[in-house]
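Undergrad: I have a structure I would like to understand better, so I am pasting it below and will then ask my questions one at a time.
The values are calculated or read from the model by the stated rules, or taken from the named source; none is laboratory data. None of the values given here were measured: they were computed from a predicted structure. We place every Cβ from the backbone using ideal geometry, glycine too, and count neighbours over all the protein chains shown. Areas reflect the complete protein model, heavy atoms only, side chains present, ligands, DNA and RNA absent. Shrake-Rupley method; radii C 1.70, N 1.55, O 1.52, S 1.80 Å.
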Amino acid sequence: MSRRGSVVAVAAVAAIGVLGAGILWLPRQGETAGPSAPAASPGVAPVARTEPEVRAEALAPPGVSPARISCENLQRIMAQVLGELVEEAAPVEALALAVGVRDWLDPHGFWSAAPDSSAGKRIAQTSWIAAIHRAGEPCEEARAIGALLEREIGDLGAEFDEARAGEGPRDPQEEPWLAASTTAFESTRVTRDGIHTAHILGRRVGAVERALGAEFSAMADEGRRRFFPALHGAEWAEAVHAALLRSWVVLVDPHGDWAPNGEEASVLELDLEGGTPSPFWVHYARTAVGLRIDEGAEGGFRDGDVVISMDDHATMGLSPEQVEQLRWHLAYTHKPFAARVLRPEPLRVETLRIDLASPVASEFSADEYLHTTVIPYGDGGVYVVAIPDVRTNLGDELGAVLTSARLHKAIGIVLDLRGNGGGATEGAGGALAHFLPKAPLFALRRRDGTLEVQQAGDGTPEAAWKGPAAVLVDGATASAAEMIGGALSAYGRAPLVGAQTFGKGCAQEYLDDAAEAGVLRITTLVYALPDGSPVQRIGLKPRILIDEWQKNSSERERDLRGAPKSWQGPDVRDRRLMADLAGVHWPSHLGRVGPCAEPSICRALKLLGTQTSARR
């Protein structure tokens, strides 16, 4: 997805992995460990982890200058990544690296991505891979590019200033409201020259400034400093280093990422935390003067508002990553703040008081998060629970659904994990606690061969769901969702129904980078199912196949360049628990199933009713 895209979604999603694969995340190293699982096999150590304390409440607001790191720190962090990866990094494609450097450096489309950028041409011509492996050379090349950027950004800023002050003939788009609310950046490939974009921005900012006067000028000046930073060549070289690191990390690790301090929200999976604060809107677009809310406005904002400041931070000139940082910074602060928005007819500034008194102002209830359908089955009903992603609090939300199912004497539970790209290991463990309380679940292997075992949550046998269960999966079921389905299947607790899954059997951890300049998300482990079966690059193979679900996703983990190899682990299952589950099976439906809004669900239930055991 282009960083300059006009629409950005921040509603609850599976995660930001590559090609739709979810992120399976573990905590940063050094976090306080939680209770450990008993070792389930000789030579296998218990895993002692809690889910990531991402310290979201400590997120700082974004700065004015682009992210920068020194040459020394660039090399230190690269060495750290290569040492932490679960296996040796795959070779990086030269063209992909150069394109990434150019794009990460330029969130607006006129620093290095524009066709007329000499710096962009120099980036494209640089042999970055060779330079990385020769001490000092990436930094020498970055200094040369930095000198070009200093001159070119100065020229662009002068064009902006002249256009901002201009009084000549105007385009209809420079009518003040249109100038304020119209998207200012190209959403995919950049085709406009940078000097042209700078002129457009200047004209639109000037039109709004003339309409609003001094009230807007200070914000316009702050935005101008973001659009055209007054950096020296050596400082621009450090911005090139940061762009190089961002591009390189995602190429050596298809599920990895790095973000500098001040932009950590773009890496942390905040949307997957249960009970996260309101993010204020769902979709927005960047304009010349701020952020236009397109959908999902909350907390006093309206769809269509153009937000020009939040808590005295101007929004003009923010990159997409900085927008997310500012929103989550304010959401987690839990303090009232003032926001200024532009509204039309006539164009005016309105000041809003945004008060998120409750830290769970936008907490999802089970009904909002999990969509449950009761489908007639024989003489009773089956609860089909659609789980869109694996949030941290999935165990709690699923527990509420299971309580209702017991109350209504449901015959069985079906977890619908189709399209679920994964999420938090804590959420997977919490969900499995309702079916396999305290069971040893997954062996995880690090690069040095160290093995650890993840354990299910601390559910009690008395509270566990004891009736029939099944799991629906397809090609888009990935990561922590595969953990849930795979564990239930490996223990014989629930059959898998549908199509072969994505095959993401690796896990990422958050780490502070070696230079303390930002945060890394790195693939540090591969895992196997409780019976030792590999998941990575293979996926889960359902016992009951549903033909129409085979086409739900054509992409798989095995197709990702740099994805870790598959791994067969030890069998860590608790045999006593398996013996207790041996008698659980689906009863006959007596030929009566449905109706179903989705006919293939009824077909799956009919097939389940013909099985005599829940074992694979």
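Undergrad: For residues that are more than 21 Å from Pro376 (Cβ to Cβ) and touching a His at 6+ places or on another chain (Cβ under 8 Å), scanning just region 569-613, find the one that is modelled with the highest pLDDT. Let's see the steps before the verdict.
TA: Looking only at region 569-613, we keep the residues that are more than 21 Å from Pro376 (Cβ to Cβ), and these are 569-584, 612-613.
Cutting the leftovers down to touching a His at 6+ places or on another chain (Cβ under 8 Å) gives us 612-613.
Working: Thr612: 46, Ser613: 40.
By that ranking, first place goes to Thr612.
Undergrad: If we scan region 245-267, do we find a residue that is of a type in the set (S, T, N, Q), free of Cβ contacts under 8 Å to residues at least 60 places away in the same chain and open to solvent by 10 Å² or more (accessible area, probe 1.4 Å)?
TA: Filtering region 245-267 for residues of a type in the set (S, T, N, Q) gives 247, 261, 266.
Now restrict to residues that are free of Cβ contacts under 8 Å to residues at least 60 places away in the same chain: 266.
This time we only want the ones that are open to solvent by 10 Å² or more (accessible area, probe 1.4 Å), so: 266.
Taking every residue of region 245-267 in turn, at least one turns out to be of a type in the set (S, T, N, Q), free of Cβ contacts under 8 Å to residues at least 60 places away in the same chain and open to solvent by 10 Å² or more (accessible area, probe 1.4 Å).
Undergrad: Go through region 61-81 and report how many residues are over 14 Å from Leu318 (Cβ atoms) and outside any helix (DSSP H, G or I). First the steps, then the outcome.
TA: Keep residues of region 61-81 that are over 14 Å from Leu318 (Cβ atoms), which gives 68-81.
Retained after the next criterion (residues that are outside any helix (DSSP H, G or I)): 68-70.
Residues in region 61-81 being over 14 Å from Leu318 (Cβ atoms) and outside any helix (DSSP H, G or I): 3 in total.
Undergrad: Right, next: Kindly indicate whether Arg143 is surrounded by fewer than 19 Cβ atoms within 10 Å (Cβ to Cβ), part of a loop (DSSP other than H, G, I, E, B) and under 33 Å from the mean Cα position of the chain (by Cα).
TA: Details: surrounded by fewer than 19 Cβ atoms within 10 Å (Cβ to Cβ): yes; part of a loop (DSSP other than H, G, I, E, B): no; under 33 Å from the mean Cα position of the chain (by Cα): yes.
No; evaluated as a whole, the condition is false for this residue.
Undergrad: Could you list, in sequence order, all residues of region 302-319 that are in contact with a strand residue (DSSP E or B) (Cβ under 6 Å, 6 or more places away or on another chain) and either within 24 Å of Pro66 (Cα to Cα) or surrounded by fewer than 19 Cβ atoms within 10 Å (Cβ to Cβ) (or both)? First the steps, then the outcome.
TA: We begin by selecting, within region 302-319, every residue in contact with a strand residue (DSSP E or B) (Cβ under 6 Å, 6 or more places away or on another chain); these are 303, 305-311, 315.
Listed by number, the residues that qualify are Asp303, Val306, Val307, Ile308, Ser309, Met310, Asp311, Thr315.
Undergrad: Among the residues of region 187-216, write down those that are within 36 Å of the chain's Cα centre (by Cα) and either basic (Lys, Arg) or open to solvent by 20 Å² or more (accessible area, probe 1.4 Å) (or both).
TA: Selection gives Ser187, Thr188, Arg189, Thr191, Arg192, Asp193, Ile195, His196, His199, Ile200, Arg203, Arg204.
Undergrad: Filtering region 164-176 down to residues that are open to solvent by 50 Å² or more (accessible area, probe 1.4 Å) and in a helix (DSSP H, G or I), which residue is modelled with the highest pLDDT? Please lay out each step first, then the result.
TA: Filtering region 164-176 down to residues open to solvent by 50 Å² or more (accessible area, probe 1.4 Å) leaves 165, 167, 169-173, 175.
Right, trim to in a helix (DSSP H, G or I) and you get 165, 172-173.
On the way: Ala165: 93, Pro172: 69, Gln173: 67.
Restricting to residues being open to solvent by 50 Å² or more (accessible area, probe 1.4 Å) and in a helix (DSSP H, G or I), the top hit is Ala165.
Undergrad: Here's another thing I want to ask about it. What do you reckon, is Ala410 among the aliphatic types (A, V, I, L, M) and either over 26 Å from Gly503 (Cα atoms) or not in a helix (DSSP H, G or I) (or both)?
TA: Working: among the aliphatic types (A, V, I, L, M): yes; either over 26 Å from Gly503 (Cα atoms) or not in a helix (DSSP H, G or I) (or both): yes.
Yes.
Undergrad: Please name all residue pairs, on different chains or six or more residues apart, with Cβ atoms under 6 Å, provided the first residue is in region 52-75 and is closer than 18 Å to Trp104 by Cα and the second residue is at pLDDT below 90 and open to solvent by less than 70 Å² (accessible area, probe 1.4 Å).
TA: Close Cβ pairs (under 6 Å, with a partner that is at pLDDT below 90 and open to solvent by less than 70 Å² (accessible area, probe 1.4 Å)) amount to Cys71/Cys139.
Undergrad: Moving on to the next point. Which residues, taken from region 546-567, are surrounded by fewer than 15 Cβ atoms within 10 Å (Cβ to Cβ) and not charged (D, E, K, R)?
TA: Result: Gln550, Ser554.
Undergrad: Return the residue satisfying two criteria in turn: it lies in region 454-468 and is under 15 Å from Leu407 (Cα atoms) and in contact with a Phe, Trp or Tyr (Cβ under 7 Å, 6 or more places away or on another chain), and of such residues it is modelled with the highest pLDDT.
TA: Filtering region 454-468 for residues that are under 15 Å from Leu407 (Cα atoms) and in contact with a Phe, Trp or Tyr (Cβ under 7 Å, 6 or more places away or on another chain), the one modelled with the highest pLDDT comes out as Trp465.
Undergrad: For region 559-598, how many residues are more than 21 Å from Ala494 (Cβ to Cβ) and either small (Gly, Ala, Ser) or assigned to a helix (DSSP H, G or I) (or both)? Show your work before the answer.
TA: Of region 559-598, the ones more than 21 Å from Ala494 (Cβ to Cβ) are 559-568, 570, 590-592, 595, 597.
Then drop every residue that is not either small (Gly, Ala, Ser) or assigned to a helix (DSSP H, G or I) (or both), which leaves 559, 562-563, 566, 591, 597.
Final tally of qualifying residues: 6.
Undergrad: State whether the residues of region 568-587 include one that is surrounded by 19 or more Cβ atoms within 10 Å (Cβ to Cβ), among the small types (Gly, Ala, Ser), out of contact with any helix residue (DSSP H, G or I) (no Cβ under 6 Å at 6 or more places or on another chain) and closer than 30 Å to Gly449 by Cβ.
TA: There is at least one residue in region 568-587 that is surrounded by 19 or more Cβ atoms within 10 Å (Cβ to Cβ), among the small types (Gly, Ala, Ser), out of contact with any helix residue (DSSP H, G or I) (no Cβ under 6 Å at 6 or more places or on another chain) and closer than 30 Å to Gly449 by Cβ.
Undergrad: Among the numbered conditions (1) open to solvent by 30 Å² or more (accessible area, probe 1.4 Å); (2) at pLDDT 90 or above; (3) in a loop (DSSP other than H, G, I, E, B); (4) touching a strand residue (DSSP E or B) at 6+ places or on another chain (Cβ under 8 Å), tell me where Arg49 comes up short.
TA: (2)
Undergrad: Quick one: His329 ticks every box in (1) modelled with pLDDT of 95 or more; (2) closer than 30 Å to Phe228 by Cα bar one, so which box is it?
TA: Tallying (1) modelled with pLDDT of 95 or more; (2) closer than 30 Å to Phe228 by Cα, His329 fails exactly one: (1).
Undergrad: Take the conditions in contact (Cβ under 8 Å) with a residue 12 or more places away in the chain, of a type outside the set (S, T, N, Q) and part of a helix (DSSP H, G or I) and apply them to Glu555. Does it pass?
TA: Numbers: in contact (Cβ under 8 Å) with a residue 12 or more places away in the chain: yes; of a type outside the set (S, T, N, Q): yes; part of a helix (DSSP H, G or I): no.
Spelling it out, it is not the case that Glu555 is in contact (Cβ under 8 Å) with a residue 12 or more places away in the chain, of a type outside the set (S, T, N, Q) and part of a helix (DSSP H, G or I).
Undergrad: With the checklist (1) touching a helix residue (DSSP H, G or I) at 6+ places or on another chain (Cβ under 8 Å); (2) within 23 Å of Ala464 (Cβ to Cβ) in hand, flag the one item Gly562 doesn't pass.
TA: Answer for Gly562: the failing condition is (2).
Undergrad: Right, here's the next one. Any residue at all in region 586-604 that is acidic (Asp, Glu) and under 22 Å from Glu88 (Cα atoms)? First the steps, then the outcome.
TA: Of all residues in region 586-604, those acidic (Asp, Glu) come to 598.
Checking the rest, the ones that are also under 22 Å from Glu88 (Cα atoms) come to none.
Among the residues of region 586-604, not one is acidic (Asp, Glu) and under 22 Å from Glu88 (Cα atoms), which makes the answer no.
Undergrad: Can you tell me which residues in region 280-300 are surrounded by fewer than 21 Cβ atoms within 10 Å (Cβ to Cβ) and either touching a helix residue (DSSP H, G or I) at 6+ places or on another chain (Cβ under 6 Å) or outside any loop (DSSP other than H, G, I, E, B) (or both)?
TA: We begin by selecting, within region 280-300, every residue surrounded by fewer than 21 Cβ atoms within 10 Å (Cβ to Cβ); these are 282-283, 285, 294-300.
Within region 280-300, His283, Ala285, Asp294, Glu295, Gly299 meet the criteria.
Undergrad: Please give the strands (runs of 3 or more DSSP E) falling wholly within region 424-531 in which 3 or more residues are open to solvent by less than 10 Å² (accessible area, probe 1.4 Å) and closer than 28 Å to Leu85 by Cβ.
TA: Numbers: elements: 440-445, 451-455, 469-473, 496-498, 506-512, 518-528.
In region 424-531, the matching strands (runs of 3 or more DSSP E) lie at 440-445, 506-512, 518-528.
Undergrad: How many of the residues in region 119-139 are in a helix (DSSP H, G or I), more than 30 Å from the chain's Cα centre (by Cα) and modelled with pLDDT under 85? Step through it out loud before you land on a result.
TA: So in region 119-139, the residues in a helix (DSSP H, G or I) come out as 119-125, 128-132, 137-139.
Filter once more, keeping what is more than 30 Å from the chain's Cα centre (by Cα): 119, 121-122, 125, 130-131, 137, 139.
From what's left, modelled with pLDDT under 85: 130-131, 137, 139.
Selection size over region 119-139: 4.
Undergrad: Condition test on Ala39, is it surrounded by fewer than 23 Cβ atoms within 10 Å (Cβ to Cβ), farther than 22 Å from Tyr510 by Cβ and at pLDDT below 50? Even if it seems obvious, please write down each step before you answer.
TA: Details: surrounded by fewer than 23 Cβ atoms within 10 Å (Cβ to Cβ): yes; farther than 22 Å from Tyr510 by Cβ: yes; at pLDDT below 50: yes.
Answer is yes for this residue.
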